[in-house]
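The values are calculated or read from the model by the stated rules, or taken from the named source; none is laboratory data. This one's a predicted model, so the numbers in the text were calculated from it and none came from an experiment. Here the Cβ positions follow ideal geometry from the backbone for every residue, glycine too, while neighbour counts run over all protein chains shown.
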Amino acid sequence: MPESANAVVEEFVTAINAGDKDTVLALFADGASMSDDGSERNLAAWLDREMFTTNGRIEIESSSDDGLSLIAGVTNDTWGTMRTRWQFFVDGDKITRFETGQA
């Protein structure tokens, strides 16, 4: 994990890689939202499909914007490995939104 990673984002990545659905979901604020390649998606359904039921893993390549912007390799059983970009919006210790897509 890059040293500059935001603590909440770091916890998100660590929990995703551990397959810890409860911890991941607890990191999100009520009403949190997300988009994938510019399309709004249902957060819980997307996490289930892209991460939890497909052995999703995130390997951070680089971070910027105080650790809120990432370039990362995402691997899952459906798509294999893709180079992706992530932008997180964090309020206190909760993620309010993330936007992801191919990098």
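So which of M34, M82 is out of contact with any Asp or Glu (no Cβ under 9 Å at 6 or more places or on another chain) and not basic (K, R)?
Working: M34 fails: out of contact with any Asp or Glu (no Cβ under 9 Å at 6 or more places or on another chain).
After ruling out the rest, the residue left standing is M82.
So which pairs qualify, if the first residue must be in region 39-54 and in a helix (DSSP H, G or I), the second must be surrounded by 16 or more Cβ atoms within 10 Å (Cβ to Cβ) and of a type outside the set (V, I, T), the Cβ gap must be under 6 Å, and the two must be at least 6 apart or on different chains?
As it stands, the answer is L43/A32; L43/M34; E50/G56; F52/K21, since those pairs meet every condition given.
If I16 satisfies every condition in (1) under 17 Å from Q102 (Cα atoms); (2) touching a Gly at 6+ places or on another chain (Cβ under 8 Å) but one, which is the exception?
Among (1) under 17 Å from Q102 (Cα atoms); (2) touching a Gly at 6+ places or on another chain (Cβ under 8 Å), I16 violates only (1).
Check G19, G67, G73 and return the single one that is modelled with pLDDT under 95 and not charged (D, E, K, R). Write out each step before concluding.
Working: G19 fails: modelled with pLDDT under 95; G73 fails: modelled with pLDDT under 95.
Being modelled with pLDDT under 95 and not charged (D, E, K, R) holds for just one of G19, G67, G73, which is G67.
The conditions are (1) small (G, A, S); (2) over 16 Å from R97 (Cβ atoms); (3) touching a residue at least 24 places away in the same chain (Cβ under 8 Å), and S33 fails exactly one of them. Which is it?
(2)
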